[in-house]
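Here is the structure we will look at.
Rule-based calculations on the coordinates, nothing more; no lab input. Nothing here was measured: the structure is a model prediction, and the numbers come from that model. Glycine gets a Cβ as well: all are built from the backbone with ideal geometry, and neighbour counts include every protein chain shown.
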Amino acid sequence: MPAPEKSKPDWDVDAAIATYNVEGWGTGYFSVNSAGNVVAKPLKNAGGAIDLLEVVNEARERGLSFPLVIRFQDLLRHRVETVNRSFQAAIQEFGYRNEYRGVFPIKVNQLREVIEEIVDAGAQFHFGLEAGSKPELVAALAMHQDPESLIVCNGYKDRDFIRTAMLGRRLGKLVIVVVEKLEELEQTLRVAKEVGVEPLIGIRVRLHSKGFGKWTTSGGENAKFGLSTTNLVAASEMLKSVGLADSLKLVHFHVGSQVPDISTIKRAVREAARYYAKLSQMGHSLGYLDVGGGLGVDYDGSRTSFDSSTNYSLQEYCNDVVYNIMEVCDSENVAHPAIVSEGGRAIVAHHSVLVVESFGSIEKDVQVRPIEATASDPKPLRDILEVKGKLKRANRIETLHDAQQIKEETQQMFNLGLLDLESKAKIESAYWQLAAQIVALHRGLKYVPEEVKELETSLSDQYICNFSVFQSLLDHWALGQLFPIMPIHRLTTAPDRNGTLVDITCDSDGKINKFTDLQDVKETLPLHRITPGEIYYLGVFLVGAYQDIMGDLHNLFGRVTEVHVFLDEDEESGWYIEEVIEGSTIGQVLALTQWDKIELMRLVKKQVDAAIKSDRLKPNDAMKLLADYERGLQGYTYLSLDGTNVAPAPVVVASLSN
């Protein structure tokens, strides 16, 4: 159905930027150029712009498969530098008497290429790593090269985890084991003695302060991790009893991921700083206060305390952390600690864009054409046409209710065998025409009834997209996380449809029907009608945090292809693709679920041989069939669309299933 936001004569690139709120969530990293294509600006205004459609076309020329993740490595480096410099600016502004020693939590994005880029970009700031599992710690020890940066070990730990951390200490690394329970402290002290090193110990405190938003249960007195006040005192006494009071170096807390409200941050930081000060006064030579994660990303660009937004900027966050720690420590006459943070989402979210192909649409409203009733047509058709003819602005809701009743009666007649298919189609076509008129009569009003909003959503199109929500956007499906989504091209033309997105999995949940908006959550997205014979490219932005790792293999759709893009002034385009990582093949995902490729080939060959013996297949045809099957095992798990002659004309559905 026509999108209400802009009329075509008023449409331009600025209208596109406003419609999709690019300036809000893009924060200077994304915009739209004069050609109507989305561009990435990895260094904001300090560097060049990269046309996403040009990257897509380059990938297609190379024969790469879609969906495609585009990583802007310069943007990743820029985020590392921005976070560190923001803390440095706050430290300088308030006269804070220590330094910032941030760490990147590997769980946010464990991909080697991402970690390598972060470590390299953070070297000048002594930016370290955080590990929450044994595999992450093994990776962190190998990647960590800077003796001044930290490795912080979080999460529950067994003997092997702790021993691996102590091996890092033997190598001269600043590996801090954060104790989550008293038993871990006992085991850490035993293992350290066995290995022959002095441990660096941190303690996670269980704050009274709780988070806000989807991850509120991460904090508070019933949190999964951390020591109570009673246990803190016991831990202090345990360390003193073995002469290792000075091994306690860090106090840690965490109030949850994506904290949208800055007041939550302030309260938690002040409470944790008080714990830090009191432990220092108990005779421990602490040096670090770890404020954990929680630094959010403004996914919808609204700058509010909504779950998918933040009501603060990065600099405000840094200012509040630094100032509140300083004020509490000064009031307690305690030296300022080095500040550690684990804000991984804010570092990696922006650097990745998922580009998906939309290759068809299901249009649920009926094309405008006159529907007339004859004497032989059933009464419900005459009734709904009469209702439709009397529609006026004053009776639009009453008309809607009458039409809904007729539609329901029509379905009942059909179920009883009293209505033929042709008549049912006419009645439903008339209903959806009338529904579109009623929605149009409410357009622009300050108040729109909920039932009319639902009707408008029902009239929207479904855009079929070559990707899996469960593999690439698991947080959207599982948590309702919103991501900014928009076309990456054709933006010099006004979008003439409203739609939702459906993936190619055989699951009704494989869809996106919630979209970012400045005021609320939209249930449809302004989109262009797909041109037959072409592919319509949609970009899902800010997907660099968690989405690369947390996806599942629903329908055995595997990892997607990705390209790493760098700015380069010497290139004609101003950029180049530095690395390509191919997506999963069919054989690879089958192997993950215990299917052996050789055994599969053997079983098929056995059937082929039987077909030859029974004369169902000629030997030459049989060998071609077997070769095709083997090639299929090497194929990509997603649909293979070449960009030409793939988009059918839109499918028009005269009615919706209930």
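Annotations
- The Kirkwood hydrodynamic radius of the stretch 1-111, based on inverse pair distances between different Cα atoms, is 17.3 Å.
- Averaging the Cα positions of each part gives two centres, and for the stretch 83-104 and the stretch 172-208 these lie 26 Å apart.
- Summarised in one figure, the compactness ratio Rg/Rh of the stretch 587-633, Cα atoms and Kirkwood Rh, is 1.06.
- Amide H contacts of ILE203: VAL179, LEU250, VAL251, HIS252, each under 5 Å away and 5 or more positions distant or on a separate chain (H built 1.01 Å from N in the peptide plane; Pro and chain starts excluded).
- Of the residues SER429, HIS564, ASN98, the one whose Cα sits farthest toward the positive end of the charge dipole of the chain, with +1 on the Cβ of Lys and Arg and -1 on the Cβ of Asp and Glu, is ASN98.
- Rounded to whole Å, sorted largest first: equivalent-ellipsoid semi-axes of the stretch 519-624, Cα gyration tensor: 42, 21, 19
- Here the chain is assigned +1 on the Cβ of each Lys and Arg and -1 on the Cβ of each Asp and Glu. Its dipole about the Cα centre then comes out at about 1300 debye.
- Between the residues GLY47, TYR20, ALA335, the greatest Cα displacement towards the positive end of the dipole of the chain, with unit charges on the Cβ of Lys, Arg, Asp and Glu, is found for ALA335.
- Considering only the Cα atoms of the chain, their convex hull presents on average a projected area of 38.3 nm².
- For the stretch 564-645, trypsin sites (Lys or Arg not before Pro) are listed when DSSP marks them as loop and at most 13 other Cβ atoms sit within 10 Å of their Cβ; the list is ARG616.
- A Förster radius of 30 Å combined with the Cβ-Cβ distance from ILE362 to GLU386 puts the calculated FRET efficiency at roughly 0.50.
- Estimated from the Cβ-Cβ distance and a Förster radius of 45 angstrom, the FRET efficiency linking ASP552 and SER34 is about 0.65.
- Taken along the Cα-to-beta-carbon direction at a fixed 7 Å, the label points for GLU316 and GLU99 span 3.0 nm.
- Qualifying GluC sites (Glu not before Pro) in the stretch 27-120, DSSP loop, other Cβ atoms within 10 Å at most 15: GLU99
- Taking each of LYS597/LYS618; LYS511/LYS605; LYS44/LYS173 in turn, the alpha-carbon distance tops 27 angstrom for LYS511/LYS605; LYS44/LYS173.
- Gyration tensor (alpha-carbon) shape descriptor, the stretch 354-507, a/c threshold 1.5: prolate
- For the stretch 581-589, backbone phi angles converted through the Karplus equation (6.51, -1.76, 1.60; θ = phi - 60°) give residue-by-residue couplings of 10, 5, x, 5, 8, 4, x, 5, 6 Hz, Gly and Pro being listed as x.
- Cα-Cα separations in the stretch 495-564 greater than 13 Å, expressed as whole percent: 78 percent
- When the convex hull of its Cα atoms is projected in every direction, mean area for the stretch 96-342 (nm²): 12.3 nm²
- Full extension of the chain between GLU534 and VAL195 yields a length gain of 115.7 nm, computed as 0.36 nm times the residue separation minus the alpha carbon distance.
- Annotation: aspartates and glutamates with alpha-carbon distance below 13 angstrom to LYS134 (same-chain offsets under eight excluded): ASP158, ASP160.
- In this structure the amide hydrogen of SER361, modeled in the peptide plane, comes within under 5 Å of the amide hydrogens of ILE464, VAL651, none closer than 5 places in sequence on its chain.
- Proxy reagent accessibility, fewest Cβ within 10 Å first, across VAL353, VAL138: VAL138, VAL353
- Take the Cβ atoms of VAL242 and SER285, set R0 to 22 Å, and the FRET efficiency comes out at 0.90.
- Those residues of the stretch 428-456 whose amide nitrogen sits under 12 Å from the label point placed on ASP377, 7 Å along Cα→Cβ: 428-431
- Annotation: for a label point projected 7 angstrom from Cα along Cα→Cβ of THR304, residues of the stretch 421-455 with backbone N closer than 16 Å are 447-448.
- Dipole axis of the chain (+1 Lys, Arg; -1 Asp, Glu on Cβ), positive-most option in THR310, ILE485, ILE201: ILE201
- Over 22 Å [Cα-Cα, the stretch 118-202], rounded percent: 18 percent
- Taking a ≥ b ≥ c as the square roots of the eigenvalues of the alpha-carbon gyration tensor, the stretch 379-456 is classed prolate because a/c is 1.5 or more and a/b outweighs b/c.
- By DSSP, the beta bridges lying fully in the chain are antiparallel in about 50 percent of cases.
- Listed values for the stretch 90-96 are Karplus-derived 3J(HN,Hα) couplings in whole Hz (6.51 cos²θ - 1.76 cosθ + 1.60, θ = phi - 60°), namely 5, 4, 5, 4, 9, x, 5, and x replaces Gly and Pro.
- Added length on full extension, which subtracts the Cα-Cα distance from 0.36 nm per residue, LYS613 to GLU186: 146.6 nm
- Among the GluC sites (Glu not before Pro) in the stretch 490-595, those placed in a DSSP loop whose Cβ has at most 10 other Cβ atoms within 10 Å are GLU569, GLU572.
- Put the Cα centre of the stretch 324-356 next to the Cα centre of the stretch 253-312 and the gap is 8 Å.
- Potential lengthening between LYS446 and LYS624 on full extension [0.36 nm per residue; Cα-Cα distance subtracted]: 57.6 nm
- 5 angstrom amide H check on PHE30, placed H, neighbours 5+ away: LYS41
- Value of relative contact order over the stretch 50-165, rounded to a whole percent, pairs C-alpha under 8 Å and six or more apart: 21 percent
- Phi to ³J(HN,Hα) by Karplus 6.51 cos²θ - 1.76 cosθ + 1.60 over the stretch 235-248, Hz, x for Gly, Pro: 5, 4, 5, 5, 5, 5, 5, 9, x, 10, 4, 6, 6, 6
- Note on LEU600 and ASP642: their simple-model spin labels are 2.4 nm apart, each label 7 Å out from Cα toward Cβ.
- Note that the stretch 33-166, at 10 °C in a medium of 1.306 mPa s, gets a Stokes-Einstein diffusion coefficient of 92 µm²/s from its Kirkwood radius over C-alpha pairs.
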